[in-house]
Amino acid sequence: MPGPMHVGSGKVRELYALDGERLLLVATDRISTFDVVLPTEIPDKGRVLTGLSAFWFTRTRGICSNHLLGVRPDGRSTECRHLAMLPIECVVRGYLSGSGWRDYRATGEVCGHRLPDGLREGERLSEPIFTPATKAVSGHDENITWAQASVLVGPDPLAEVERLSLALYRFAADHALRRGIIIADTKFEFGRDEEERLVLGDEALTPDSSRFWPADGYAAGGPQPSFDKQFVRDFCERTGWDKTPPGPELPAAVVAGTRARYVEAFERLTGIAFASYLADPTVVLR
Ligand SMILES: Nc1ncnc2c1ncn2[C@@H]1O[C@H](COP(=O)(O)OP(=O)(O)O)[C@@H](O)[C@H]1O
Ligand SMILES: [Mg+2]
């Protein structure tokens, strides 16, 4: 019996074709910052991403269909429907941070959304906004306007993924806030199935695809502490690294601190002990 065929590698995931319609997405423990994969891995990071995505996929089926078929006992492998992915990233921002903050400071706008004057870094927006980005094959994703995104995917499909992305964000942000986590922003990827229907794919609402902030320490007016890669980014910045490959090795304390943040995000959001997930990954599907 030949094994599944390796069909691609992302920065974090290895992709295998199970057959004509199904993919196996294996989330490794690789971590990237500033779009560079670092030489040091974060143990169990791939399991956190896989478990959290499956948790959200299971709970958001009423909002839109997704690619999830199952999670394997290793906790890091997702069996999913093979989609034809759209060439855009569907970003939703509820708070002003990262490239959204950068663009706002420079132009007063984010992806064509004109925002009120005088907003501070980290400020909550009166309504979440849809801010699409290109899917760079190499290098950095770039924020684009609705008009630019609509050239890439067509106006009707874009309106549909905008609606779905905002609905998914609102659902997840409400859920997370009740568990003490602010989802400042997040990125979705949609694709088309064999019937050309739009389906949510990739990972969803994880610390790699989102900014998660502890709600109790939140105060607009600067960068926020976070459950995501900020800890690693801060370390990388302190080393004076120029953000081109190769990235720096991470010391044991940074590895342990980062692992703890990923696991805490998983446990807070799911209400499930990470050890229970490791023992039986199907706990997130119930
Ligand atoms: N259901 C799917 N069908 C086809 N491709 C998918 C599906 N879900 C995710 N992908 C693609 O698999 C890759 C995931 O690997 P990842 O390491 O996250 O990549 P990246 O470095 O682009 O973030 C991405 O290119 C994503 O678009
Ligand atoms: Mg990815």
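Among the aspartates and glutamates, select those whose C-alpha is under 19 Å from the C-alpha of residue 243, and discard any that sit fewer than 8 residues away in the same chain.
Counting by Cα, and skipping residues close in sequence, residue 243 has these aspartates and glutamates nearby: 35, 41, 141, 142, 208, 228, 234.
Could you state the principal axis extents of the C-alpha atoms in the chain, from the largest down, to the nearest angstrom?
62, 48, 39
For the chain, set up a GNM with springs between Cα atoms under 10 Å and report which of 253, 84, 159 has the largest fluctuation.
253
Taking only Cα atoms of region 136-255, what ratio of Rg to Rh do you get with Rh as the Kirkwood inverse-distance radius?
1.02
Run the helix sum for the chain: -39,500 (n - 2.57) per DSSP H stretch of 4+ residues, divided by residue count, reported at 222 nm to the nearest 500 deg cm²/dmol. Numbers along the way, then the final one.
Values: 7 runs with 92 residues, N = 286.
Rounded to the nearest 500, the figure is -10000 deg cm²/dmol.
Long-range amide H contacts for residue 82: which residues qualify at under 5 Å (H placed 1.01 Å from N, peptide plane, sequence gap of 5 or more or a different chain)?
22, 23
Please list, in order along region 220-227, the HN-Hα scalar couplings obtained from phi with the Karplus expression 6.51 cos²θ - 1.76 cosθ + 1.60 (θ = phi - 60°), rounded to whole Hz, x for Gly and Pro.
Taking θ as phi minus 60°, the curve returns 4, x, x, x, 9, x, 8, 8 Hz for region 220-227.
What trypsin sites (Lys or Arg not before Pro) in region 37-84 are in a loop by DSSP, with at most 16 other Cβ atoms within 10 Å of the Cβ?
61
Could I have the simple spin-label model distance between residue 234 and residue 74, label points 7 Å from Cα toward Cβ, reported in nm to one decimal?
3.3
Dipole magnitude of the chain about its Cα centre, charges +1 at Lys/Arg Cβ and -1 at Asp/Glu Cβ only, in debye to the nearest 20?
Approximately 600 debye in magnitude.
Measuring from label point to label point, each 7 Å out along Cα→Cβ, what is the residue 124 to residue 109 span in nm?
2.8
Based only on other Cβ atoms within 10 Å, what is the fewest-to-most ordering of 272, 182, 144?
The fewest-first ordering by Cβ neighbours comes to 272, 144, 182.
Tell me which residues come under 5 Å, amide H to amide H, from residue 91 once H is placed; ignore anything under 5 positions away on its chain.
HN-HN under 5 Å from residue 91: 131, 133, 188.
Quick note: the coordinates plus some simple rules give every number you see, no bench work behind them. Worth saying up front: this structure is predicted, and the values here are computed from it rather than measured. FYI the Cβ positions are ideal-geometry reconstructions off the backbone, even for glycines, and counts take in every protein chain you see.
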